[in-house]
Each structure stands twice: as structure tokens, then as C-alpha cells.
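Sharing a structure, written as C-alpha cells. Questions coming.
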Amino acid sequence: MTRPNSPWRWPDCRVLPDASPCVLPPQEAALVVRSNLGTDPRLPELASGFRPGKQPVIAQDYLAVTANPLATQAGCRVLHQGGSAMDAAVAVQLVLGLVEPQSSGIGGGAFILHYDASTGQLQSYDGRETAPAASSENDLRLISASDPNPLHPRLAHPFLSARASGRSIGTPGVLRMLEMAHQDYGRQTWSSLFEPAIQIATEGFVISPRMAAAIRTARNDLLRDPDASAYFLNPDLSAKSVGTVLRNPDYAATLATIAREGAQAFYIGPIAESIVNKIKVNRGSDHAPVAMTPGLTELSDLANYRAARREPVCRPYRQTIICGMGPPSTGGIAVAQTLGILENFDLKAHRPSVVQSDGGRPTVTGIHVISEAQRLAYADRYRYVADTDFVPLPGLGVDTLLDPGYLASRAALISTQQSMGVAKPGVFANTQAQGDNTSEGNGTTHISLVDRAGNVVVMTSTIESGMGSFHFTRGFLLNNQLTDFSFQPADSLGPIANRLQPLKRPASSMSPTLVFHRKADGSRGDFLMATGSPGGPSIIQYVVKTLVSVLDWGLDAQQATSMVNFGAGNSPTTHVGGEHPAIDPEIDPKADPKAAPKADPIVSGLRALGHTVSTAAQSSGVATIVRLPNASEPSTPATPKRSVYVGGVDPRREGVALGGQPRLDQ
Ligand code: GLU
């Protein structure tokens, strides 16, 4: 098959329906490259190499893309049976909480964007964790006002201590959000969607390489929790290894209760009591009998938790309209700002060279311009964007931050000759909080789904860092999401927008994104593309890379997903993901003193423009769907051509894309 060289054109091949949907491809040969390259230390989860040569998956009627084969299969089956994209999201999340527990689960939070193909309506859902009602602004640093000592357990870094204590645990939001969204857009019964996860938890599954690495890395932390040790560690306290069959009867029992009684059974009653008791633990296990600072969550925090419907953030970009998640995520605004700045540049002129299955080699100028635009967007993100139920955005809000004139003025700050290093935030009248939150500390997963009716769900779901807070109860891990708040409530400029406050939701970088065609009158047209990724603060960079790769550079969904990760936060360091086979990573002389000092021409080109460059491995987990007109069917006014969906899944994680897959015949 010829690879499409433009997102708007489909290669000349016939698409035939497949007789056996949702069958997982044979296990890929274990070709993983670059798995020993050090992970970028800012990232919440370990990198695990790159699987080169992935091909796009083409589906006719429905498509599921997730970071784990069993989760994708569960979603695909729901879609095959005629379930909605939202039904599939519920089934996928429950399986992911079992087979990819390091990244997401019912003990965490998430955001969803849903597109209703019949009405054109777009809705976003906020299931972000909240701080306990009894919180105060220094809870992530100090035991209390009367005992102003650092938190227990005493670990190497204040972030690590806060993360491993009960203080980091926010009231989980995933289940209330899924229930709300399922009430709006579900077609199958709530309880039926729990069956795949209950079955896998009961019968067992094989620990994957990424899950095994996550357990190994977290072993000493898991040891402090007797329930986590009993599940993730062997009787001799070594980490359970890849290939071990794991059963989780406690998770199966938890899910059976919630399937029967609804999300309420998680928030009120015995499950809620176990969560609160776990958060209040003040001592580690017999194997690690250390002091632990308890969290301040009460049963009332769980009983009172509410998910929210929010207004998505939409903005035109060239011939499309891009929609993302608004506050408390900063992702939608930061992605839209970056693209709004980039609209002032001709990115097509900087298309990657050597385009092949894995994307291509980005150009120095392309990386330079895009990373400068990101510095400017992150500067505003860290200064101004937090939970708007507590701290309003400057000026008129989203419209002020996305104003084309404002973004053109930001674009004018970019020199093609020299990196700005660190960008200053924009200046606005009428701003409440002024402090700077760039010191934000920082597992997560992304799901993209489309059903037979053309409805689409993008969901990014998280327990924050890999293995969350290491607190484990009733078969699931609790998040450490509150460490996404600023640890300091204020600095010399004033209070920080993202400071910890009671019942507030921490700012997030999660960026589930939907792209639509832009009609001649400027309004939002048909669905074109869905994407998103985990990766902590780098999520915004991964999403921008994927969008630009499809929309400006004409790469297909897989090429764009596989493409070299590059970009910058608001610091002099620009990241060029060395896990990608197209990049020559720099070897730390400490790791290999004999390695010859050399620099990839991309790296030296960026250095010549004043960038500090890191080629540390990036741990993205992009899941992309692009909808294309199908050139293979005759089109008549009575039977217009149907579309096909092209899926791309990140070769840096373990996922697959599966759908109503046609056979391709040339
Ligand atoms: N907690 C982070 C956020 O909400 C996501 C962390 C991750 O991607 O692993 O922005």
C-alpha cells in the first residue's frame, strides 16, 4: 500500500470489510531499540525504548487506540457490538486500571472530550481530583502550622516525600466523571461495561515489560504499603517480573460492587472508608516501618466529590478548528496558544526530511520555531492558568489569552537567529494571582475512540506519577495528583495561581484534543483528528508535535505519532527525543567514558541558535485517529463516500490500535 502523503488524500487501494474484528495482532517481535537510554528526569514515567516501523491501522467503522493491547481489545469489542465511544471509554479505563496500573485507574482523575456526530455537539468532562476540604496552602511542605517540619517519609527530595505521604492524594474523580458522561452518551448498560475488567482480574493477565519496569523501579516505595507489597511483590519481597500471571480478586470485587450500585458505591460506604483509612496511615509496613504524614481527606470529601461538564477551548488553526480541555487543565490553552503563535510562520517550509514509517527527521528551524512558541505559551501557563473556580484568568479569560493580536505580538518575539532561552509571560490588566509556578513537580495514559455512529472520545487519565502515591487499597492505587499544585503558595510577585486551596483542583497539562474541518463561514465542520498523550508537562509538546505533523507536514496518523518528540518548556533546554532511531543521542560520558563525543547535526544546529539541548529519552504515549475520505468506494449523491479512520499508537509504549479493520487490496 502506498503511504498517504497528505492527510487530505487517501491512497488508491480498495477497502474490504474484515470478518474477524478485534483480534489482537500476533505478538510483535520484541524489537525495541534505545531502551537503555536514560529517561528525561522531568518525566513522571520511565521511558522504555522505541518499536520501529509501526504501520497505521485502518478501520472502516470504528477504532480504539489505547496504550495496552487488552484495553484496546476491550474497547474494540464494545464498539463492535454497537456500543458508543463513551461505553468503550468506560470499559477501557477499567481494564487499564488493572493491566497498566502504574499509569491510571479508579484511584485517579481524568479529562474527556466527547464529539456527538449526530448533533455536532462537543462536551468536555472534568474528573480532576480535588484537595481535601481541610487543606491549607503549605500542606505539601510542612506537617502543620504547629509542627513546621518537612513531611514524612523523609526521602531525597521534598517532591518525593510529599508524593509518598498521604498529603499528595486528591479525592479521585474518574468514576464520577465516567458515570456522568455515560449517562449523557452511553448506550450499553453501566454494569455490562465492567465485565471485561472483572473477567481479566479474576482469570489473571501477564505482567507486561512496562508494568514490570514500573514495579521494579518503585519496589522500595511499594514496600511501605503492606497491601501494595502483597500485590506487586513476591513473598521474598522482590518485584514481580515480566511474564508473571497476576490476578486481582480485590479489584474484581471492587468493580462488581460499583457495577451493581453505581459510582456512589465508591464514594460512600466501605470502599470510601478503605480509601480514607489508607490516606490516614501514619506508619509504613513491618518491612519499612517509617513515619508517614497522613493526608487530611475525610469521608465527606469523597461523598461530596462532583465531576463537572466544562466548556471546551476551541481555536482556528489554518483550515481546521482545534478543541482542547479548559481549566483546570492548562493543556487546551497552551496547545492553542502555541498553534496561534505558529500560525504566523510557514511551517510547511520546514517539513521533516527523510519521511518514513517512524515520521522523519525534524529540521533545526522547525524545532527552533516550535520550541520558541512553546516557551511563550508555557510562560503564560505557569503564571496565569489554574483552577478557574478559584483564580480567574486574566482579562476576559480564554479569549484574552487566545486573542489573535496578542498571539501575533508573542510571535513577533521569536527570532529565527537566537533562542530566547526563557520567555516572559504576557502582561495583562486585571490579573489576580501573580506568582510564578515554574517549579511544578511533576502515570498517565491516553485513549482515543470512535464508534460506528462517528462519535468520538478522547480521554487522558492519570494517577500523576508512575504508581501514584504507592498507597494501594481494594485492588487499586491512589493518585499523588496534589503534587501538581505549587508547593509554595506565593513568591515575591504575589500569590501563585496554582497554590493549594481547600477543594481546589490542581492545574494539569493533560491535553485530550479533537480537530475539526473549518467550514467556509469559519464554523466547526466535520471531525478530522483525535489525539493526546501522557508525559507530565511535556504532554503539551507531544500533542503539538503530533498536530503539526499531520496538519502542516502531511504525515499519517502513525507517522505523526511515531515522529521524533521535540520541544521545550519555559527553560533554555530544548528536548529532542533520543529514543527515536532517527536521532543520534548523546551518551553521558559518566555512563560510557569511551563513547566518542559527537553531536547529531540537529543538536549542533540548535546549539548554534543558543539552545541547550537534551537528547534524553521521552516517554510519550500518543494515541491518534485521523479520519479520511475513502477513495476506494464509488461516491454518488445517494450514497456518499464513507470515511475511514487511520490509527496511530505510540511506539514508545505497549499499545495497539484495533477496529473494524478492513483488508487492503491493491
Ligand atoms: N499529573 C500530570 C497532569 O495532570 C500528568 C502526569 C503524566 O502525564 O504522567 O498534568
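With a ≥ b ≥ c taken as the square roots of the eigenvalues of the C-alpha gyration tensor of region 411-560, please select rounded if a/c is under 1.5 and otherwise prolate if a/b is larger than b/c or oblate if it is not?
Oblate, because a/c is 1.5 or more while a/b does not exceed b/c.
If the reach is capped at under 16 angstrom between alpha carbons, list the lysines near K598, excluding any in the same chain fewer than eight residues apart.
In chain and number order, the partners are K590.
While we're looking at this one, here's another question. Using a 7 Å offset from Cα along Cα-Cβ at A145, what residues in region 488-519 end up with backbone N under 18 Å from the label point?
Correct set: 488-490, 500-503.
Run lengths n ≥ 4 of DSSP H only: what is the helix-derived mean residue ellipticity at 222 nm for the chain, with -39500 (n - 2.57) per run over all residues, to the nearest 500?
Dividing the helical sum by the residues of the chain leaves -8000 deg cm²/dmol.
What does the charge count near P362 come to, summing +1 for each Lys or Arg and -1 for each Asp or Glu among other residues with Cβ under 13 Å from its Cβ?
0
Please give the contour-minus-distance gain from L493 to S571: 0.36 nm per residue of separation, less the Cα-Cα distance, rounded to one decimal in nm.
That works out to 26.2 nm of additional length.
If packing is taken as the average number of other Cβ atoms within 10 Å across a peptide's residues, how do 39-47, 550-558 rank, most packed first?
Ranked by mean Cβ neighbours within 10 Å, highest first: 550-558, 39-47.
Compute the label zone of K424 within region 317-340: residues whose backbone N is under 13 Å from the point 7 Å along Cα-to-Cβ.
none
What spacing in nm lies between the two simple spin-label points modelled at A117 and E203, each 7 Å away from Cα in the Cβ direction?
Simple spin-label model gives 3.0 nm for this pair.
Please identify which residues in region 451-474 have an amide N closer than 20 Å to a label point set 7 Å out from the Cα of H517, following the Cα→Cβ vector.
What the label zone holds, given the 20 Å backbone N cut-off, is 451-457.
Determine which aspartates and glutamates satisfy two conditions relative to K278: a Cα distance under 17 Å, and not lying fewer than 8 residues away in the same chain.
Cross-link targets: E129, D221, D225, D227, D250, D286, E298, D301.
Alpha carbon centre of region 209-235 versus region 371-444: separation in Å?
39 Å
Using the basic label-point model (7 angstrom from Cα toward the beta carbon), what is the K348 to A608 distance in nanometres?
Result: 2.7 nm between the two label points.
Going by average Cβ density within 10 Å per residue, which order do the peptides 279-286, 176-183, 561-568 take, highest to lowest?
Ranking, from highest mean packing down: 561-568, 176-183, 279-286.
Taken together, the values in this text are just the output of simple stated rules run on the coordinates, not laboratory data. The structure presented is a predicted model; accordingly, all values stated were derived computationally and were not measured. Positions of Cβ are backbone-derived with ideal geometry, glycine not excepted, and every protein chain shown enters the neighbour counts.
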